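Enquirer: First the structure, then my questions, so here it is.
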């Protein structure tokens, strides 16, 4: 965690809509080039760092919170993240640092979101929900954009429930994620809609090569590599990495130890249960270089009821 004073995002920042989830919108940002300055101006400020040149802005994206009744202020979310989750994953958790937002930024950005809706730039299910304009902070997160010219590919997935739910019936073999998918597919089937497919978290956590390969086949798809040979190589690299990495086993262990009673019997407002729930909803980002190997993963624990 950055322990220096919270920086302020310069007012002349330009935001570029990148992506959004249920609770946040992610933006790239840039600043205009500095204007020419006289020698005397440079001499007077030689010991100062211009806000736009603050290193904390480098290789970062800006995460802004939506106005949801269940969401918490970014200051609290960041504090909990650094207190509870960074110690568990010190080597692989993405940077999350607070930044003060300039006046009217959120108001103007909400106007831009509405304009984006008019041009079809937001998914239909995301429309109608906007940023919390009373939130004074944004969060600077690690920019995991891959260097595609260098052969990098970014793979993102949610591991979900890596152990069988303690609330599942005795001897039940289908995991919670697959059971929920089957339930939704039954509704889709009845409506004549296309059914969804996806990885089984229990396969992902099995450490069995064939099962991990099956899970990876749903995670790394043609959207990551259109060429069949490249896709096979990508899946091989990712499978090899997941079989060697300690991250999935650690997530699995924490999910079990933090929620030993199961969701139907747990104290759903206990600290341990809330941590377990948040860990189940984390995202893993893995950069993969086709001809070399995956880089270290970053986990983004992006939402929890703290």
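Enquirer: Fully extended, how many nm does the chain gain between residue 246 and residue 23 (0.36 nm per residue separation, minus their Cα-Cα distance)?
Expert: That pair, residue 246 and residue 23, stretches by 77.4 nm at full extension.
Enquirer: Suppose R0 equals 35 Å; then what is the FRET efficiency for residue 226 and residue 125 from their Cβ-Cβ distance, rounded to the nearest 0.05? Walk me through the numbers before you get to the answer.
Expert: On the way: r = 27 Å, r/R0 = 0.76.
Taking R0 as 35 Å, the efficiency between residue 226 and residue 125 is 0.85.
Enquirer: Additional query: When the expected Rg is taken as 2.2 N^0.38 Å, what fraction or multiple of it is the alpha-carbon Rg of the chain? Don't jump to the answer; show the numbers that get you there.
Expert: Details: Rg = 21.7 Å, N = 306, 2.2 N^0.38 = 19.4 Å.
My calculation over the Cα atoms of the chain gives 1.12.
Enquirer: Also, quick follow-up: State log₁₀ I(q)/I(0) for the range 14-143 at q = 0.11, 0.12 Å⁻¹ as given by the Debye formula over alpha-carbon point scatterers of equal weight, solvent excluded.
Expert: Ignoring solvent entirely, the Cα scatterers give -0.48, -0.57.
Enquirer: Once you put a point 7 Å from the Cα of residue 213 and another 7 Å from the Cα of residue 8, both along the Cβ direction, what distance in nm separates them?
Expert: For the pair residue 213/residue 8, the computed spacing is 5.8 nm.
Enquirer: Rounded to the nearest 0.05, what FRET efficiency do residue 79 and residue 133 have when you use their Cβ-Cβ distance and R0 = 35 Å?
Expert: With R0 = 35 Å, the Cβ-Cβ based efficiency is 0.95.
Enquirer: I would also like to ask the following. Could you check the simple spin-label distance between residue 156 and residue 264, using points 7 Å along Cα→Cβ, in nm with one decimal?
Expert: That separation, rounded to one decimal, is 3.5 nm.
Enquirer: Now for a different question. Subtract the Cα-Cα distance of residue 58 and residue 272 from 0.36 nm times their separation in residues, and report this length gain in nm to one decimal.
Expert: 73.6 nm
Enquirer: Any chance you could run the full-extension gain for residue 100 through residue 289? It's 0.36 nm times the residue separation minus the Cα-Cα distance, nm to one decimal.
Expert: Between residue 100 and residue 289, full extension yields an extra 64.5 nm.
Enquirer: Just report the Cα centroid separation between the range 156-219 and the range 221-279, whole Å.
Expert: Taking the Cα centre of each part, the range 156-219 and the range 221-279 sit 12 Å apart.
Enquirer: Also, I was wondering about something else. Given that compact globular proteins tend to follow 2.2 N^0.38 Å, what is the ratio of the alpha-carbon Rg of the range 149-300 to that value?
Expert: 1.13
Enquirer: Let's test the formula: R0 of 22 Å, r as the Cβ-Cβ distance of residue 167 and residue 187. What FRET efficiency results, to the nearest 0.05?
Expert: 0.50
Read the figures in this text as sums done on the coordinates, not as results from a lab. Only a predicted model underlies this, so the values are computations on that prediction, with no experimental measurement involved. Reconstructed Cβ throughout: ideal geometry from the backbone, glycine too, with neighbour counts over all protein chains shown.
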